[in-house]
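Please treat every number below as a calculation from the coordinates, not as lab data. Predicted model only: the values in this text are computed from it and were never measured. Note: ideal-geometry Cβ built from the backbone for every residue, glycine included; neighbour counts use all protein chains shown.
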Amino acid sequence: MADPTKADEPQDAMPNVSDVEVAEVHSEEEAVAALDANVERGEPILQVRNLVKHFPLTQGIVIKRQIGAVKAVDGVSFDLHQGETLGIVGESGCGKSTVAKLLMSLETPTAGEVFYKGQDITRLSGRALKAVRRNIQMIFQDPYTSLNPRMTVGDIIGEPFDIHPEVAPKGDRRRKVKDLLDVVGLNPEYINRYPHQFSGGQRQRIGIARGLALNPEIIICDEPVSALDVSVQAQVINLMARLQDEFNLSYIFIAHDLSIVRHISDRVGVMYLGKMAEVGTDEQIYEYPTHPYTQALLSAVPVPDPEAREHRDRIILTGDVPSPANPPSGCRFRTRCWKAQDKCAQEEPLLAIPERFKGSDTPAAHESACHFAEVKDVVHAA
Amino acid sequence: MTIIDPTDAVPAQRPGDHDNTGPLLEVRDLHVEFQTREGVVKAVNGVNYTVDSGETLAVLGESGSGKSVTAQAIMGILDMPPARIPQGEIRFYGQDMLTMGAEERRKLRGARIAMIFQDALSSLNPVLSVGFQLGEMFRVHQGMSRKQAKAKSIELMDRVKIPAAAARVNDYPHQFSGGMRQRIMIAMALALEPDLIIADEPTTALDVTVQAQVMDLLAELQREYRMGLILITHDLGVVADVADKIAVMYAGRIVETAPVHELYKRPAHPYTRGLLDSIPRLDQKGQELYAIQGLPPNLLKVPQGCAFNPRCDKAQDICRTEFPPLVPVTEADGTELPGRASACHFWKETIHG
């Protein structure tokens, strides 16, 4: 497996230069080079700006009228740098999996942009989209349903090569698949076996091998270990960390297990009802959370240490997440927040560094969408 | 359906005034096996544990360790065949439930021993209202009328803190959120104020914030009624938060038992130690995680000797040939450690070294 940043890009990787900032570049090779240079200068490899996805709710059978929309993702922005892991956490229904689908261009966003190396992939189609997709791959949650039971492991891992034949010439594919099996710690002899002959952890390794097949730069992991046993989880997490170092991958790691997200992530975004509540480095989020939702989420995580149970200050939220079809006005968290005041119902807090921490050097100075942001350590025993 | 005479269905004695000094539930040398086409799967191989009133026993283990099968054997809801209980005793207030008649057992089930299942959505009947399903407990076990049962259901839903219980009693399961459904499951288990509740992964399908609500509720109700609780889970965090004592299972056997504080401080079995080391911590950013190598064993052919030996980094020749019994664990100077036991040939090295 080669370093994905190397110039093994296909020649048609960047045909659609007209609606990109680098429009003055004429030939396609130059365009690719310019985009790579941008990343090398420390610009993010993926920039997400005000991403919105509303699913329409309709009424009527013959004449369908739209009566509303499920606001699954409602204005999400973040950056992803090369070689970095961005963790996205949140409760079920907060829109984290929809974000993953939007980044993969499996859904068309209602509004907003996703820039991959400066190029807006939401507007791409056909050959251009196919070329970009080669570089953004996905690992799925459930290793039991994401592998076709009628295909052998060799066919499953080799399938990406059918879609992108330029990556591996026909005669070379079997060897490549065996290499991939070896990379993820499976015996290359297993190439002719079927998924049911493997355990959950091994299947997840097959899923990872398939994700790696095309030398992608970004891998989107949607709950990659939540279906696995505890002792196997650690094996898969370690494998993912090793592959990241080896291939300089960027991960978007979506999970609801906050401990695992902290372990693997460089930066963490906390989502609530389709919006980012707080974004920061793992230390900023876990040691100095300023958004009440983050604090509640962290304090609810059971810590495997019975000594801590008497000393920890737990915030137990009341009620459930409101429906994304009819989110509360102003701050979306206000219906469950213990700090909520009139201002929260009227004015929507923006995701920005809170006024009171601006300019200061403390770890509390990170983006948080709360009118009354303040630091509260909820992870450590008092 | 037979209506059981209410007078003998309502337990006359509560745990507090019971004259029997023995434990509430005692499982002795329980074996469960399944006949399959590939052979006999030995799911449970000699499990022993006891639960007292007001006590929480956590049974910890990975999938296939036999933790749920043990619980189903206690409840008497195993499908037999293919399951078979070749040996063992399950004593409830000293009385062996395995030798009881089916009718006698049915009176205990639900009324004295109740179970909370993992997946509330598939455990509730989607075509019956939750009020009807809750009321069934009172109608069947206590012979109440529909009207009385409904009033009781509303009371129960109030007790598990479902908002607007009176208005929601006629709603169907799909109209509730995951957390609320799990509350209904808890209400159903509590309906007849049982002495023992078995909760099989009660919060695994829930989000952390809801999980905290549900576990708090369960702990509160347990205190109120002084129930015994068997909590089956694979989540070491949840166990640390609620359990009094822990039994760790591996390949159908208990490999370690200990009071909760002791287990986390000084595990006496390499498997327990491996599990504790392999979980990332919220309050620490670790380096590489310790990973137990290999996979849980196939129950059709459990390894010779200690079942954990192929995955253990301390394994010696004796571990491959000789089966380690569950022996009491003591301090280095021989002082007894109450409630502690380990099934490892090298427990001394594991706990003290």
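For segment A:47-125, the list of chymotrypsin sites (Phe, Trp or Tyr not before Pro) that fall in a loop by DSSP and count at most 11 other C-beta atoms within 10 angstrom is empty. A cut-off under 14 angstrom between Cβ atoms defines the neighbours of A:Pro143, and their net charge, with Lys, Arg +1 and Asp, Glu -1, is -1. For segment B:24-243, the number of Lys pairs separated by eight or more positions or lying on different chains, with C-alpha atoms closer than 20 Å, is 4. If the Kirkwood radius is taken over C-alpha pairs of the protein assembly as shown, then at 37 °C and 0.692 mPa s the Stokes-Einstein diffusion coefficient equals 116 µm²/s. Sequence-ordered 3J(HN,Hα) estimates for segment A:360-370 from the Karplus curve with 6.51, -1.76 and 1.60 and θ = phi - 60° stand at 7, 9, 5, x, 6, 7, 9, 5, 8, 9, 9 Hz, glycine and proline given as x.
With the simple spin-label model, which puts each label point 7 Å out from Cα in the Cβ direction, the A:Ala352 to B:Asp79 separation comes to 6.1 nm. In terms of surrounding Cβ atoms within a 10 Å radius of their Cβ, B:Lys265, A:Lys64 rank from fewest to most as A:Lys64, B:Lys265. Amide H contacts of A:Ser250: A:Gly83, A:Ile218, A:Ile219, each under 5 Å away and 5 or more positions distant or on a separate chain (H built 1.01 Å from N in the peptide plane; Pro and chain starts excluded). Placing +1 on the Cβ of every Lys and Arg and -1 on the Cβ of every Asp and Glu, with no other charges, gives chain A a dipole of roughly 1460 debye about its Cα centre. Largest GNM mean-square fluctuation among A:Ala100, A:Ala364, A:Ala111, using chain A with Cα springs under 10 Å: A:Ala111. When chain A is described by a simple charge dipole with +1 on each Lys and Arg Cβ and -1 on each Asp and Glu Cβ, the residue from A:Ala168, A:Thr318, A:Ile264 located farthest towards its positive end is A:Thr318. Per the Debye calculation on chain B with a single equal scatterer at every Cα and no solvent contribution, log₁₀ I(q)/I(0) for q = 0.07, 0.11, 0.15 Å⁻¹ amounts to -0.32, -0.79, -1.35. Past the 15 angstrom mark, what percentage of all C-alpha to C-alpha distances in segment A:192-271 do you count? Distances greater than 15 Å cover 57 percent of the Cα pairs. Assuming charge only on the beta carbon of Lys and Arg (+1) and of Asp and Glu (-1), the dipole of the protein assembly as shown about its Cα centre is about 2200 debye to the nearest 20. Within the listed set A:Met271, A:Met138, A:Met151, the residue fluctuating most in the Gaussian network model of chain A (springs between alpha-carbon atoms under 10 angstrom) is A:Met151.
Only Cα pairs under 8 Å and 6+ residues apart enter the sum, and on that basis the relative contact order of chain B stands at 20 percent. Along the positive direction of the dipole of chain B (beta-carbon charges: Lys, Arg +1; Asp, Glu -1; about the Cα centre), which of B:Ala73, B:Pro310, B:Ala187 reaches farthest? Checked the options; the winner is B:Ala187. Counted residue by residue at 0.36 nm each, then reduced by the alpha carbon distance between them, the extension gain from A:Thr58 to A:Glu189 reaches 42.0 nm. Cβ screening of chain A for cysteine pairs under 4.7 Å finds these without a partner: A:Cys94, A:Cys221, A:Cys337, A:Cys370. Here nothing in chain A passes the span test, since no DSSP H helix has an alpha carbon length of 30 Å or more along the helix axis and a Kyte-Doolittle mean of 1.6 or above. Shape of segment A:278-357 from the C-alpha gyration tensor: oblate (a/c of 1.5 or more and a/b not above b/c, with a ≥ b ≥ c the square roots of its eigenvalues).
When each of B:Glu89, B:Glu224 is scored by the number of other beta-carbon atoms lying within 10 Å, the sequence from fewest to most is B:Glu224, B:Glu89. In order along segment B:218-231, the phi-based Karplus estimate (6.51 cos²θ - 1.76 cosθ + 1.60, θ = phi - 60°) of 3J(HN,Hα) comes to 4, 5, 5, 5, 5, 4, 4, 9, 6, 8, x, 10, 9, 9 Hz; Gly and Pro are listed as x. For A:Val70, the residues whose amide H sits under 5 Å from its own are A:Phe55, A:Leu57, ignoring neighbours fewer than 5 places away on the same chain, with H placed 1.01 Å from N.
When the Cα positions of B:Gly339, B:Thr203, A:Ile220 are compared along the charge dipole of the protein assembly as shown, B:Thr203 comes out farthest toward the positive end, with charges on each C-beta of Lys, Arg, Asp and Glu. List residues of segment B:88-121, by number, whose backbone nitrogen lies under 13 Å from a label position 7 Å along Cα→C-beta of B:Arg28. The answer is B:88-99.
Tell me, how many Å apart are the Cα centres for segment A:321-359 and for segment B:88-124? A separation of 48 Å, based on Cα centres. Loop-located trypsin sites (Lys or Arg not before Pro) in segment A:261-367 (DSSP state not H, G, I, E or B) with no more than 11 neighbouring Cβ atoms inside 10 Å: A:Lys358.
Summarising the amide proton neighbourhood of A:Gly118: residues at separation of 5 or more, or on other chains, whose placed amide H is nearer than 5 Å comprise A:Gln47. Taking the fewest neighbouring Cβ atoms within 10 Å as the starting point, the ordered list for A:Arg210, A:Arg150 is A:Arg150, A:Arg210.
Computed from point charges on the beta carbon alone (+1 for Lys and Arg, -1 for Asp and Glu), the dipole magnitude for segment A:50-105 about its Cα centre is near 400 Debye.
Among B:Arg281, B:Arg28, B:Arg84, the largest mean-square fluctuation in a Gaussian network model of chain B (Cα springs under 10 Å) belongs to B:Arg281. In sequence order, segment A:259-271 has phi-based couplings of 5, 5, 4, 5, 4, 9, 8, 8, 10, 10, x, 9, 9 Hz under the Karplus curve 6.51 cos²θ - 1.76 cosθ + 1.60, θ = phi - 60°, and Gly or Pro positions carry x. Principal-axis analysis of the Cα atoms of chain B puts helix B:146-159 at an angle of about 50° to the longest axis.
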